[in-house]
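Let me begin by presenting the structure, written as C-alpha cells, before commenting on it.
The values are calculated or read from the model by the stated rules, or taken from the named source; none is laboratory data. Everything numeric here is computed off the predicted structure, so don't read it as measured data. Counting neighbours? That spans all protein chains shown, and the Cβs are built from the backbone with ideal geometry, glycine included.
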C-alpha cells in the first residue's frame, strides 16, 4: 500500500469521532425541530393535541352537551341536562321510591344517625348524611360524586342551596313529592330511565288498593277514621293530603273527621277531644318522641270517654313506615289498615 493511501486512511480514522459527533448533534436538532412542529408521533403531547384538549374544555365551558344527555324541566322551572341513565343518585327522603325502582342512592337521608328504619335492610351499606342541622354542605355532598341530585321539596332548594348543589351535578326539584307519591314515582322513573319499572310498581299498588277498598267498604262502610300523631312538639291530626293520611283517606277512601277537614293537619288538645268524631283511631308515636304526651292524653278521662276508645277501636301503628314516603311504606300502611279494621 502506498504512503499516500495510508495517509488518507489514517486521516479519515482520526476525523471519525468529530464526524460522529456532528451526526448526533444534527439528529438531535432534527428531533427538536420535529417536536416543535408536532410531526413526531412519539413526542410528549404535541401542540396540536393540546389545542384539541383546550377546544374540548372550551366546548364544555360553553355548555355543549354530549348526546348521551337529556334536557328536562323540573317543577320549579329549571331546565337541566341529565345523564341518559344516571348511575350515582342522591335523593334525600326519596329512598323508598329509589328502591322501588331498583336504584340504591350514593348516600341516604338521616336525622342524626336515624335513617328510614323500615328501609335499613336494603340501605345498610349506604352512608347516612345528617339533615338534623339542615342540608349537607356542598363540600360534603361532592365527596359522593353524584351524577344526579333530586330534591323532594322546594324548601330544600331555598337560600342558595339549589345554586350550590347544581354546580355539583344536575339538580331536579319537586314542589312536594310527598303530596302525590304515585305521580312523583312516575317522574322519577322517567328521570332515571326506569319508566317501565315505575309503571309496573304503580299498577301493582293500584291493584292492591282496589282489593283493599273492597274489603274495607264491606267492613267499615261510611265510618270515620282519625290518625293522631304524638310528637315532641305536640299532638295533631293528620289530614288526607300527604303520607299515611293520603293512603288512608284518599287511596282507601276512609272518612275524615270534621276536626281536620281538608287541611293538612290540625292541632289536638284535651279541650277539642270530645269533638273528635271518629269511629276508629290510629295512633302514631312519631319517632318515639311523643311517649309522654301520648301517655298523658290516653290516660285522661276525656280520652277514655270517647266512643272509639270504649269500642276498642284504637290502634297504635308503626311510626317507622306510617310516616314514610313511598310505595314500600304505603303498601305496609294498606296491609295494616285492612288487617286492623277487618279483624
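Show me the strands (runs of 3 or more DSSP E) found entirely inside segment 264-343 where at least 3 residues are in the same structural domain as residue 224 (by TED's automatic domain parsing) and within 27 Å of residue 115 (Cα to Cα).
Details: elements: 265-267, 280-285, 314-316.
Strands (runs of 3 or more DSSP E) meeting the threshold: 265-267, 280-285.
Tell me the residue from 195, 201, 219, 177 that is in contact with a helix residue (DSSP H, G or I) (Cβ under 7 Å, 6 or more places away or on another chain) and exposed (fewer than 13 other Cβ atoms within 10 Å of the Cβ), please. If you could, list the steps in order and put the result at the bottom.
Numbers: 195 fails: exposed (fewer than 13 other Cβ atoms within 10 Å of the Cβ); 201 fails: exposed (fewer than 13 other Cβ atoms within 10 Å of the Cβ); 177 fails: exposed (fewer than 13 other Cβ atoms within 10 Å of the Cβ).
Selected residue: 219, the only one of 195, 201, 219, 177 that is in contact with a helix residue (DSSP H, G or I) (Cβ under 7 Å, 6 or more places away or on another chain) and exposed (fewer than 13 other Cβ atoms within 10 Å of the Cβ).
Residues to consider are 237, 256; find the one that is within 29 Å of the chain's Cα centre (by Cα) and either free of Cβ contacts under 8 Å to residues at least 24 places away in the same chain or closer than 28 Å to residue 116 by Cα (or both).
Working: 256 fails: within 29 Å of the chain's Cα centre (by Cα).
Unique residue meeting the criteria: 237.
Tell me which residues, restricted to segment 107-120, are touching a residue at least 24 places away in the same chain (Cβ under 8 Å) and surrounded by fewer than 21 Cβ atoms within 10 Å (Cβ to Cβ). Can you show your working first?
Step one: list which residues in segment 107-120 are touching a residue at least 24 places away in the same chain (Cβ under 8 Å), which gives 107, 111, 114, 116-119.
Matches in segment 107-120: 111, 114, 117, 118.
Taking the stated definitions as given, is residue 241 closer than 30 Å to residue 185 by Cβ and surrounded by 13 or more Cβ atoms within 10 Å (Cβ to Cβ)?
Numbers: closer than 30 Å to residue 185 by Cβ: yes; surrounded by 13 or more Cβ atoms within 10 Å (Cβ to Cβ): yes.
For residue 241, the condition - closer than 30 Å to residue 185 by Cβ and surrounded by 13 or more Cβ atoms within 10 Å (Cβ to Cβ) - is met.
List the pairs whose first member sits in segment 319-338 and is without any contact (Cβ under 8 Å) to a residue 40 or more places away in the chain, whose second member is surrounded by 24 or more Cβ atoms within 10 Å (Cβ to Cβ) and in a helix (DSSP H, G or I), and whose Cβ atoms are under 6 Å apart, counting only residues at least 6 apart or on separate chains?
Here the result reads none, with nothing in segment 319-338 linked to a residue that is surrounded by 24 or more Cβ atoms within 10 Å (Cβ to Cβ) and in a helix (DSSP H, G or I).
List, please: which pairs have Cβ atoms under 7 Å, are six or more places apart or on different chains, and start with a residue in segment 154-165 that is assigned by TED's automatic domain parsing to the domain that holds residue 137 and in contact (Cβ under 8 Å) with a residue 60 or more places away in the chain and end with one that is assigned to a helix (DSSP H, G or I) and crowded, with 16+ Cβ neighbours inside 10 Å?
Hits for this filter: zero, empty list.
Residues of segment 77-105 being loosely packed, with under 14 Cβ neighbours inside 10 Å and assigned to a loop (DSSP other than H, G, I, E, B), which ones?
To start, the set of residues in segment 77-105 that are loosely packed, with under 14 Cβ neighbours inside 10 Å comprises 77, 79, 81, 84-85, 87, 102.
77, 84, 85, 87, 102, listed by residue number.
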